[in-house]
Amino acid sequence: MPRIKVLHVITRLQAGAGGNTLLSAQGMDPGRYEVWIAGVPGGDLWERARAAGVRTAEIPGFRHTLTPADLLVLWRLVRLVRRERFTVVHTHSAKGGFLGRIAARLCHTPVVVHTIHGLSFHPYQSRPRRTLYRCLERATRRFTHRFLAVAPRVAEQAVAERLAPPGRVHVVPSAVDLAHIPERFDPLARRVLGVPRDTALVGTVGRLDAQKAPLDFVRMAAALQAGRPDTAFVMIGDGPLRDDVRRLAAELDVQVVLTGDRADADWLVAGLDAFVITSLYEGLGRALTEALAAARPVVATAVNGVPDLVEHGATGLLVAPADPDGAARAVTWLLDHPREAAEMGRQGRRRVRATFAPQTMCAAVDACYRDLLGLPPP
């Protein structure tokens, strides 16, 4: 039997959606599937995909924002899908989902799957932009045979917003590469960051952009340090708000170490006493999942799919978005109650390692493809 050709379409192979896509592509049985990824080239994940034997197709001009150049991107996708005659086109996130599903429709692709990593519109956008993205998502839902959502709340939101019909949305948690994540605190990671063992270390991982609200992390750090001056702070990642983060930290007189992007971010997290995300919106939170896998006590904003991952008081603490003082109080509680914090970390580790293994996700994706193609289970 010839291998099933699958094309993943994503704007850029980075961050949470990119990591999910790469694990999906790598984890499928190479004897059964020939897997491709189409997107803008560049970055560590793109090179890892190529090194792992995943076929890659470069789509120049593929960006997150809508531009007139998208017509050229669509033409390139159509040409690729038509030439390679993929059996499955699997799209990811808003822009990749919109253009990828149109291309698949124009080429009469037998199976079209779309993964919802999070909603493309949110209250922090202007109303015209929010309306536009909602309309585009709704317009392409009829081109889709199956929707996969990374968390139950994300699935519920997609149905409520009429982005997907209820019977066609399946929840498939976004996996993380557990083999490279320590299962417990690692003091060596602290030494790499230059933090003494007797200093509390609070950190985050993520792109320094509006979604992740890095300025709220700085405000949280300043509020926390006022009561606990023996605390150090680290932000792992880079992005357009890097200079704003530096300026605000100087203005508030709080020292925050900015490491930039680090390939070993998942390991460095194992050296934290508390992990914090201040995101305004978040499908699930890949870095959050990795922190829980490393048994780190976490504080996270209760947005979108995050409460599906963090059970308040059991696997971490939830706070409202845009409330840095509330986040500071939650982190202070964790640092003041190390025994309870450690137990939350252990509970989080058990939950993530039981649910978010790549093999589990890939088995669910394989079952999805087989079901839509009318193939029996292996």
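The values are calculated or read from the model by the stated rules, or taken from the named source; none is laboratory data. What you see is a predicted model; the values in this text were computed from it and never measured. Positions of Cβ are backbone-derived with ideal geometry, glycine not excepted, and every protein chain shown enters the neighbour counts.
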- Message: It is to be established whether one or more residues within the stretch 291-300 are within 23 Å of Gly19 (Cα to Cα), β-branched (Val, Ile, Thr) and in a helix (DSSP H, G or I).
- Response: no
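Quick check on my filter: what residues within the stretch 82-109 are aliphatic (A, V, I, L, M) and touching an Asp or Glu at 6+ places or on another chain (Cβ under 9 Å)?
Once the filter is applied, which keeps residues that are aliphatic (A, V, I, L, M) and touching an Asp or Glu at 6+ places or on another chain (Cβ under 9 Å), the stretch 82-109 yields Ala94, Leu99.
Looking only at the stretch 210-230, count how many residues are farther than 19 Å from Asp323 by Cβ and either outside any loop (DSSP other than H, G, I, E, B) or within 20 Å of the chain's Cα centre (by Cα) (or both).
Quick first cut of the stretch 210-230, residues farther than 19 Å from Asp323 by Cβ only: 229-230.
Checking the rest, the ones that are also either outside any loop (DSSP other than H, G, I, E, B) or within 20 Å of the chain's Cα centre (by Cα) (or both) come to none.
Within the stretch 210-230, residues that are farther than 19 Å from Asp323 by Cβ and either outside any loop (DSSP other than H, G, I, E, B) or within 20 Å of the chain's Cα centre (by Cα) (or both) number 0.
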- Query: Which ones in the stretch 133-174 are among the hydrophobic types (A, V, I, L, M, F, W, C), farther than 21 Å from Val89 by Cβ and in contact with a Ser or Thr (Cβ under 7 Å, 6 or more places away or on another chain)?
  - Reply: none
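Just the residues that are touching an Asp or Glu at 6+ places or on another chain (Cβ under 7 Å) and either in a loop (DSSP other than H, G, I, E, B) or under 14 Å from Asp325 (Cβ atoms) (or both), please, taken from the stretch 186-206. Show your work before the answer.
First pass over the stretch 186-206, keeping only residues touching an Asp or Glu at 6+ places or on another chain (Cβ under 7 Å): 199-202.
Passing the criteria: only Thr199.
Would you check which residues across the stretch 40-56 are farther than 22 Å from Asp366 by Cβ and in contact (Cβ under 8 Å) with a residue 24 or more places away in the chain and list them? Can you show your working first?
Here is the first cut: in the stretch 40-56, the ones farther than 22 Å from Asp366 by Cβ are 40-44, 46-47, 50-51.
Within the stretch 40-56, Val40, Gly42, Gly43, Asp44, Trp46 qualify.
Can you name the residue in the stretch 150-185 that is in a strand (DSSP E or B) and free of Cβ contacts under 8 Å to residues at least 60 places away in the same chain and is also surrounded by the most Cβ atoms within 10 Å (Cβ to Cβ) among such residues?
Just the residues of the stretch 150-185 that are in a strand (DSSP E or B), to begin with: 169-171.
Filter once more, keeping what is free of Cβ contacts under 8 Å to residues at least 60 places away in the same chain: 169, 171.
On the way: Val169: 21, Val171: 18.
Filtering the stretch 150-185 for residues that are in a strand (DSSP E or B) and free of Cβ contacts under 8 Å to residues at least 60 places away in the same chain, the one surrounded by the most Cβ atoms within 10 Å (Cβ to Cβ) comes out as Val169.
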- Task: Starting from the stretch 90-111, take each residue that is touching a residue at least 60 places away in the same chain (Cβ under 8 Å) and list its partners that are among the hydroxyl-bearing types (Ser, Thr, Tyr) and surrounded by fewer than 20 Cβ atoms within 10 Å (Cβ to Cβ), counting only C-beta distances under 9 angstrom and pairs at least six apart or across chains.
- Result: Lys95/Thr65; Pro110/Thr87; Val111/Thr87
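Restricting attention to the stretch 346-370, and to residues there that are free of Cβ contacts under 8 Å to residues at least 60 places away in the same chain and charged (D, E, K, R), which single residue is nearest to Val310 (Cα to Cα)?
Of the residues in the stretch 346-370, the ones free of Cβ contacts under 8 Å to residues at least 60 places away in the same chain are 346-348, 350-351, 354, 363, 367, 370.
Those left that are additionally charged (D, E, K, R): 346, 350-351, 370.
Numbers: Arg346: 12, Arg350: 12, Arg351: 10, Arg370: 32 Å.
Here the answer is Arg351.
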- Going through the stretch 134-149 in order, the residues found to be under 17 Å from His117 (Cβ atoms) and either exposed (fewer than 14 other Cβ atoms within 10 Å of the Cβ) or assigned by TED's automatic domain parsing to the domain that holds Pro307 (or both) are none
